[in-house]
Each structure stands twice: as C-alpha cells, then as structure tokens.
Amino acid sequence: MHILSADQFTKKQLEELFTLTDSIKSQFLTDKNKLLKKHEGKVLITLFYEPSTRTRLSFATAAAHMGMSVISTENAREFSSAAKGETIEDTARVLEQYYPDAIVIRHHETGEVARAAAVTKVPIINAGDGKGEHPTQSLLDMYTIWDSHKKHSGLKVVLGGDLLHGRTARSLAKLLTCFDGNHIVFNTIPELQMADDIKEYLDGRGVTYEEEPDMKRAFQNADVVYWTRLQKERLPAGVHIDQTYKIDKKAMSYLPETAIVMHPLPRVDEILTEVDDDPRAKYFDQAGNGMFVRMALLDTILK
Ligand code: CP
C-alpha cells in the first residue's frame, strides 16, 4: 500500500488509524520499551530531496521506537545519485533490491513521489511533493483536531497563510471532506489563494467553503485555525510577496475560547511567539502527535 494523497483515505480508515494512534500513544507513554519488538528487524528508508525537521525525524523516531532500522541519506538532492542525473524511477527500482519494508520520500517536484511508487511494490510514503500534497501531515492534523474537539464533523475550519504553495493545507482540505458538515474559510491575501483544483474537489464532495480576507470575520466562531508560512522557496524568481498575515494576541482575541490554532511548522513570523502560551495554541502538540500518527501508519502498512 502506497501513501500518496489524502484523497485515498476513507472516513472508516481514518477512524481506525486514529484509534490505533491512541492505543500506541497510550502504550508508549506507559512503557515505551513494550513497542520495541513490534517491527523488529524491519527496515525503513528515508529519502528527502528537500529539507525537513519534523517529517523525516518523526518517521525515523517512530520506526526506531518500534524496533526498526532506519537507512537514510543526507540531502538526497545533493548526495544521492540524483545529482548525477538518475531518475526517481531508477532510484526506487534500485532501493527495492535492498528489501526495505517501506520508503519515505520527500521531493521538490510535484508528482515525483508517485513516479517512484509506480515502479515498485515496496510501500512508498509521500512525505511532501512540491506544491502537491503532504498526506501524512494531514493525518496528524486531523488527529490533532480530534484530540482537541473529540469530533471531525460540523467544524468551521479557517485555512490561512500561503494556500497557493502550501501542500499541507491542500491535503487537509481533502481530508476534511471525509466527515459531514465541515465548512472551510480561506483567509489569505489574493496572491496566495487556494488553487481551483482543491475548490473543485470540495465542490465535488459537497463541502462548503468561502474566501474571507478579513481575519476578524474569518475567525468569528471558528473551531480550528490552520495557519501556514509563506513558502518563499516556491515563488518564481524575482517575485516578492509581502507576508502581511500574522497571528498575534489581538488576532487571538477574535477567536472563541474553544478554538484551536494549528500550524504544520516550521513557523517564521506568521504566528508571533507571544501566542505560544495561549492554551489554544496547539502547534507543538500537533508536531508531537506526528510521531504517534506515523507509528500507527507504519504499523498499518507493515501489517
Ligand atoms: N510540517 C513539516 O512538514 O515540517 P518539516 O518540513 O520540518 O518536515
């Protein structure tokens, strides 16, 4: 089973994954050594052509906590044979010869991870491909929403920041369609608006959405605010966009006490650190959930 897009998941699969995540988290926090035999002897390869802190290291620690070995390369764009012109298909075919149990790939080009998956039976996990998708991030995002609200339905979810280049908001928008009655508000500047393919996806699944550039109006009665940084690395050469959207204490005052604020991280300056101590700020808990969700995901795939 490859994990390539958020649109491959059903409500039932998500609920099973989150139940398993709860169980693994609870076992781990009771006695983390209990899980060490779970996948002893199995091998995970991580191949990252783009920088990462959370995704790569949470997959690596998730695997290590379940007894797996992790084989990796630093900066695959520079230090794998991609630098000599090898295609991702050939790389995947070669890695398959080493009998890994799963391969996690992040790539700077949209669709490259799917190209690797097309030529191998080894489970390939998309850890982010260009402006495309980041399905495992959206899994931990949905888990974090459930962890806080104890539901996934009937939520007003504000997606803000760089919606044009940010793959995490794209994947989360897709997962939100698996549950009934969610309403999405896109809160950003015109240059960074969500792309039409995602709006069409929402239309096709009957999920309502609106574009609301005013932060105060967007935040009113929100259950979840999902904020993202300007992806400067994806702007065409010579293009500069002023990052004017920021969450500060004043912005937090527009939100209900029951709302949560999420961010896939890394943060630059679009959420001020003065917000970090607000109990509604969940982004560090969200990152922590990433490891447990990825343990559950690996467990599911490897079974
Ligand atoms: N959220 C996320 O994908 O972070 P990294 O780029 O650090 O993996």
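All of the numbers you see were taken from the coordinates with simple rules; none came from a lab. The structure presented is a predicted model; accordingly, all values stated were derived computationally and were not measured. As a convention, Cβ positions derive from the backbone with ideal geometry for all residues, glycine included, and neighbour counts pool all protein chains shown.
Data table
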quantity: Residues of type aspartates and glutamates that K156 reaches as a straight line, Cα spacing below 17 Å, ignoring anything fewer than 8 places off in the same chain; calculated: D141, D147, D180, D203, E210, E211, E212, D214, D223, E257
quantity: For the chain, the spread of Cα positions along each principal axis, largest first, Å; calculated: 55, 50, 38
quantity: Under-5 Å amide H pairs with L159, H placed in peptide plane, nonlocal only; calculated: V185, F186, N187, Y226
quantity: Distant-in-sequence amide H partners of I125 (H built 1.01 Å from N, under 5 Å); calculated: I3, I103, V104, I105
quantity: Under-5 Å amide H pairs with I271, H placed in peptide plane, nonlocal only; calculated: I247
quantity: Y143, Y254, Y226 arranged by Cβ crowding within 10 Å, fewest neighbours leading; calculated: Y254, Y143, Y226
quantity: Loop-resident sites, the stretch 135-240, for trypsin sites (Lys or Arg not before Pro), counting at most 14 other Cβ within 10 Å (DSSP); calculated: K150, K151, R205
quantity: Relative contact order (%) - criterion: Cα under 8 Å, at least six apart; region: the chain; calculated: 19 percent
quantity: Where GluC sites (Glu not before Pro) fall in DSSP loop in the stretch 46-108, at most 15 other Cβ within 10 Å; calculated: E74, E86
quantity: Kyte-Doolittle at least 0.0, axis length at least 27 Å by Cα - qualifying DSSP helices, the chain; calculated: 283-302
quantity: Dipole moment magnitude, nearest 20 debye, the chain about Cα centre, only Lys, Arg, Asp, Glu C-beta charged; calculated: 780 debye
quantity: From phi via Karplus (6.51, -1.76, 1.60), per-residue ³J(HN,Hα) for the stretch 217-223 in Hz, x at Gly/Pro; calculated: 5, 4, 7, 4, 6, 6, 9
quantity: Structure-based [θ]222 nm, the chain - -39500 (n - 2.57) summed over DSSP H runs of at least 4, per residue, nearest 500; calculated: -11000 deg cm²/dmol
quantity: Normalised convex hull volume, the stretch 135-287, alpha-carbon set, Å³ per residue; calculated: 103 Å³
quantity: Virtual spin-label span in nm between R77 and S26, 7 Å along Cα→Cβ; calculated: 4.3 nm
quantity: E89-I301 FRET efficiency (beta carbon distance; Förster radius 25 Å; 0.05 resolution); calculated: 0.75
quantity: Ranked packing of 239-251, 53-65, most packed first, by mean Cβ within 10 Å; calculated: 53-65, 239-251
